[in-house]
1. In region 298-320, what residues are assigned to a loop (DSSP other than H, G, I, E, B) and surrounded by 19 or more Cβ atoms within 10 Å (Cβ to Cβ)?
2. Does region 253-306 hold any residues that are closer than 23 Å to ALA338 by Cα, in contact (Cβ under 8 Å) with a residue 24 or more places away in the chain and of a type in the set (Asp, Glu), and which are they?
3. Among the residues of region 159-196, what is the count of those that are of a type in the set (D, E, K, R) and in contact with a strand residue (DSSP E or B) (Cβ under 9 Å, 6 or more places away or on another chain)?
4. Suppose we keep only residues that are of a type in the set (Asp, Glu) and surrounded by fewer than 17 Cβ atoms within 10 Å (Cβ to Cβ) within region 212-252. Which one would you say is farthest from GLU179 (Cα to Cα)?
5. List, please: which pairs have Cβ atoms under 6 Å, are six or more places apart or on different chains, and start with a residue in region 222-236 that is in the same structural domain as SER182 (by TED's automatic domain parsing) and of a type in the set (Lys, Arg) and end with one that is at pLDDT 95 or above and surrounded by 15 or more Cβ atoms within 10 Å (Cβ to Cβ)?
6. Spot the failing condition for GLY109; the list is (1) touching a residue at least 60 places away in the same chain (Cβ under 8 Å); (2) touching a helix residue (DSSP H, G or I) at 6+ places or on another chain (Cβ under 7 Å); (3) buried (at least 24 other Cβ atoms within 10 Å of the Cβ), and only one is missed.
7. When you check PHE178 against the structure, is it farther than 21 Å from ILE51 by Cβ and buried (at least 17 other Cβ atoms within 10 Å of the Cβ), yes or no?
8. Could you check region 1-19 and list, in sequence order, the residues that are closer than 19 Å to VAL347 by Cβ and outside any loop (DSSP other than H, G, I, E, B)?
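The values are calculated or read from the model by the stated rules, or taken from the named source; none is laboratory data. Just so it is clear, the model here is predicted, and its values are computed rather than measured. Neighbour counts are summed over all protein chains in view; Cβ atoms, including those assigned to glycine, are modelled from backbone coordinates with ideal geometry.
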Amino acid sequence: MQTFVGGQVFLPDECVETTLTIADGVIVDIGGPVIGAEIDARGKIVAPALIDVHGDAFERQLMPRPGVFFPTDAALLDTDRQLATNGIATAYHAITLSWEPGLRAVDRGWDLMRSMQALAPRLLVENRVQLRWETFAFEALELIDWALQAPLTPALAFNDHTSMSMRAFDVRVQDRPFELASDFSIASFDDARLRQRTAGNAKRAGLSEEAYIALLRKVWDRRADVPTTIADVAQKARAVGAPMLSHDDTRAETRCWFRELGATVAEFPMVIEAAEEARKGGDSLIFGAPNAARGGSHIGSLSAGDMVEAGLCDALASDYFYPAMLAAVARLDAEKRASRLALWRLVSQGPARMMHLHDRGQIAKGLRADLVLVDWPAGHPPAILGTWVAGRPAFRAISAG
């Protein structure tokens, strides 16, 4: 047994200075006597550990420079350590399954997930998977079938960056209609502006701009079969109880369509219409922690801070930068967007609920002892001093002062 002593403990509905005892991986007592080893939390915060529902920063470990790949095992081990030091005890790696070659190829997805399984005994935190499926990538269907049945307990996110790339040139990415609508207007393959728009994708895929456009043209021919393929994949995910998300919604129609398939989480909705439809329909909403930490979206979409203040956000995800989760809580706290306890729920209880993780996400007797020890002096940014995963210390730090 171990007892945290002297800390401000973030309980579900209040923050109080009390003791917290853990044993055999779970929380066994709150407010009782000191039992077992004492963990000094005086002047610090004891809070539920962070849960990241969408993070793809691991891609920088896999490919730190364009076209320069590092061994998958080394990249995953380093990513796992980054998660622990940032207080993230449960992480869903957003593994993109695309029709593109290179970093986001299906073969790389196979390699990543198999490596995660093999490395599991050596990892510090609980590494899970978000199957970030590009819906035109029929090449990924076999892998999705395998992953849904493997012990990866994945979430499934429906992405359509293909239609996003193919939208008409006079349509902002935030203004595009429902991608599967019959009147979705598209760009011309022969227009040089399409090569300019997709140049970054071509570089990531290791293709020339001309070769990328040629591949895109072939993939676009699949469009008529995409809706039924999505429905088939959604049915398989429902059968195993996998959480499902739609990504970058820009219309209420989009949100409704995916909700009917069982995708009850809206991930990074781009416009207020889509966010309000999600709330109206009882869906959960995720926004990017970097958006909140920086004070707005870097691509001109909704402000995560505004959505939090409006009650239209249930979780903040690391997206592309793991430290952003704690930084977002700090900034929104300084801006008085919500109470500190409510903000912390956006990185713990909210993510747990939408991912069906009923054993964690808050501090209560009988729940898993996923905890963080936080140093947060008044007027200064917070820092993680310790992360416990099912009662096991995954990270401990002692400040120089």
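1. SER301, LEU302, LEU312, CYS313, ASP314, SER318
2. Within region 253-306, GLU267, GLU276, GLU277, ASP283 meet the criteria.
3. Final tally of qualifying residues: 5.
4. Taking region 212-252 as the starting set, the residues that turn out to be of a type in the set (Asp, Glu) are 221, 225, 232, 248-249.
With surrounded by fewer than 17 Cβ atoms within 10 Å (Cβ to Cβ) added as a condition, the list becomes 221, 225, 232.
Values: ASP221: 14, ASP225: 13, ASP232: 18 Å.
So, considering only residues that are of a type in the set (Asp, Glu) and surrounded by fewer than 17 Cβ atoms within 10 Å (Cβ to Cβ), the one farthest from GLU179 (Cα to Cα) is ASP232.
5. Final answer for the pair search is ARG222/PHE136; LYS236/LEU148.
6. Looking at each condition in turn, GLY109 falls short on (1).
7. Yes: the conditions hold for PHE178.
8. Those that are closer than 19 Å to VAL347 by Cβ and outside any loop (DSSP other than H, G, I, E, B): GLY7, GLN8, VAL9, PHE10, CYS15.
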